[in-house]
1. Please count how many residues of region 433-449 are closer than 12 Å to TRP485 by Cα, within 7 Å of the ligand (Cβ to nearest atom) and in a helix (DSSP H, G or I).
2. Which residues, counting only those in region 504-552, are outside any helix (DSSP H, G or I) and polar (S, T, N, Q)?
3. Only one residue in ALA220, ALA259 is part of a loop (DSSP other than H, G, I, E, B) and either within 15 Å of the ligand (Cβ to nearest atom) or more than 27 Å from GLY127 (Cα to Cα) (or both), so which one is that?
4. Pairs only if they're at least six apart or on different chains, beta carbon under 8 angstrom, first in region 418-442 and more than 10 Å from ARG297 (Cα to Cα), second more than 16 Å from the ligand (Cβ to nearest atom) and among the aromatic types (Phe, Trp, Tyr); list them, first residue then second.
5. Any residue at all in region 481-502 that's modelled with pLDDT under 95, farther than 26 Å from GLY163 by Cβ and part of a helix (DSSP H, G or I)?
6. List, please: which pairs have Cβ atoms under 6 Å, are six or more places apart or on different chains, and start with a residue in region 527-541 that is touching a residue at least 24 places away in the same chain (Cβ under 8 Å) and end with one that is outside any helix (DSSP H, G or I) and buried (at least 23 other Cβ atoms within 10 Å of the Cβ)?
7. Among the numbered criteria (1) of a type in the set (Lys, Arg); (2) within 15 Å of the ligand (Cβ to nearest atom); (3) more than 26 Å from TYR229 (Cα to Cα); (4) not in a loop (DSSP other than H, G, I, E, B), which one does ARG118 miss?
8. Please tell me if LEU462 is crowded, with 18+ Cβ neighbours inside 10 Å, at pLDDT below 95, away from the ligand (no atom under 16 Å from the Cβ) and not small (Gly, Ala, Ser).
Amino acid sequence: MAGVGNLDQAGRGGSRLLTATGERQRGYQARPGECVGVAAACELGAAPLDPPFGLADGDVGTANEAFGAVPDVVASIADRSKNRVVEYSCLIPGAVPILKRLFKQGSRIAEMSRLGERAIVLGASMGGLLAARVLADFFRTVTVIERDELPDDPVNRRGVPQGRHVHALLARGAQILDEFFPGLLDELVAAGAPVWDDGELSKLYASYSGHVILRSGTIAGDPERMAMYMPSRPLLECHLRRRLQAIENVTIHSGQDVAELTSTADHSRVTGVRVVNHAGGAEQELTADLVVDAMGRGAHTPAFLESLGYGRPVEDHIVMHTTYASQPLRIPPGTLKEMLVLISPAPGRPTGMFLVGYEHDTWIFTVYGMVGHEPPRDLAGMLSFAEEYAPAHLLAAVRTGEPIGPVVQHRMPSSQWRRYDKMRRLPDGLLACGDAICSFNPIYGQGMSVAGLDAVALRDCLRRGVTDLPRRYFRAAAKAISVAWQTGATSDLAFPEVEGRRTPSMRVTNRLVNSVLTASESDAVVGTQFFKVTGLIDPPTRLLHPWFLYRVATVNLGRRQRHSPPQQAAVVGPVDGDSVLPEMLSE
Ligand SMILES: Cc1cc2nc3c(=O)[nH]c(=O)nc-3n(C[C@H](O)[C@H](O)[C@H](O)COP(=O)(O)OP(=O)(O)OC[C@H]3O[C@@H](n4cnc5c(N)ncnc54)[C@H](O)[C@@H]3O)c2cc1C
């Protein structure tokens, strides 16, 4: 047994020595940040375990797992670039000074109190898994209820039909996943998921509004910070589920249908949920201090609130009628230099496509149309549909592919935002997350990342206790949602056929974005900043920074002077005041 003695010694020696200790443990390759966690766990009185702290042969251990031995400390590697544990939450009285001493540099340490006995999450897809991960730090037990029988392997399932279509994980979404489940991204890569983390622009083909972003050289800045991971949706969900299931106080009940929520007699508090077993129809009532609805777009909460007398939340809609057709393929390795192809709609053309490489040489070819432009449901038809706007070499690569499943179709009538944040009254004990609050036009690839941002909002609100939680949480979540919503809405509403509320600032925004995209065709700095904004890493206000506007203007002027007039170029000067500040650019 690798005993506590080893770890104590290592703790005094700091992270370097700890790494050595980790390596001695039957080949476990520890990283510096992780090992610091082992030391602290030990100082806080973790019992010697065999293997220590649950690290078995070949496991990718993390600070979180190390702290699993001290159940009341939660650590997360928040600073992935430096591979350093910088954030801890602690339920043990008196432990904070120990943590502070061990993690002086830049660590944030918060003392928390346990907030309740049981939390229940309804739905075990992206939103539910992330919410459950957060709740596990604050409640003694977390129970996740899911209608589907959950597979052990990465396969599609009925409750997530969209999983058969292209699913891109934005850079911010990846960062959040790694924060909540340290090492998850490495696990995905080990399972075969491609990652774009070297910043090489030739590996992307990204065309927005008819502007193809620069295709040579590398991005400006740290490519790791903007890394894009490309697991298929089933692979991503499968790994997330496995990691959640490994958390001791979390249980997932699959094959259980949520029938209804229960409440106190005066309807002021939600008290739990009634579930029905899919197989036998047996009914069961589960009580909880907090229920989180993560049942997606068809979530029960609006109907439930109405039945309790609170009324339904107002819904914002952008009616764009997006239809996807997707063909999974196996494409021979080396056929394409590109790892990710995205061609978004352009003025006068509300259609587009994706071609994304997943694990084990599998690819997904998706074409889509909006406002009545429906793509065909067969591969040959999809290829001709895309011929109008896709480069020939990309379509040729698709033609070399071997279909590994049928073409599937998905229709989404509108982007939908349930405005719980605007409700005058809400019962205690009930929250919602992910698509249950807001589902977006999928062409912007935002849904999973925004589910992650909801989870961050939940964690931050729970750190301040449960008083007035629904109001605080829905407002915090709305802030994050609104950035993604405005970005998509502004682009969608540029098409006259799309129904939704248009604001004067949207026209200004579209002109600015067009200018940015023109400059992105030839300038890596501008293109990188645009990627950061669309990847939800930077706020859209970065596009208004004077230095950035100056750069855009200079690049576009240079192009004009070289007698190659940019498409619809319009250099927008500094925006002078709130009246014209585009909505998507206001934080
Ligand atoms: C075609 C398409 C493509 C997309 N592409 C992307 C993309 O590229 N990038 C991206 O980030 N996002 C994308 N999205 C959005 C993304 O799929 C969603 O935002 C995400 O799945 C939301 O997760 P969720 O957990 O909130 O809801 P869902 O994924 O809808 O999950 C709801 C869960 O609740 C369960 N459930 C439902 N009812 C019950 C019940 N009564 N009892 C028990 N369980 C129940 C379901 O079985 C399911 O597991 C896309 C969406 C679509 C439609």
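The values are calculated or read from the model by the stated rules, or taken from the named source; none is laboratory data. From a predicted model like this one, the values you see are computed outputs, not experimental measurements. Note that we place each Cβ from the backbone using ideal geometry, even for glycine, and neighbour counts take in every protein chain shown.
1. 2
2. Selection gives SER522 alone.
3. The match here is ALA220.
4. That search, which allows pairs on different chains as well, returns MET423/TYR310; ARG425/TYR310; LEU426/TYR310; PRO427/TYR310.
5. yes
6. Partner pairs satisfying both residue conditions: GLY527/ILE213; THR528/ILE219; GLY535/LEU170; LEU536/LEU170.
7. (2)
8. On the way: crowded, with 18+ Cβ neighbours inside 10 Å: yes; at pLDDT below 95: yes; away from the ligand (no atom under 16 Å from the Cβ): yes; not small (Gly, Ala, Ser): yes.
It is true that LEU462 is crowded, with 18+ Cβ neighbours inside 10 Å, at pLDDT below 95, away from the ligand (no atom under 16 Å from the Cβ) and not small (Gly, Ala, Ser).
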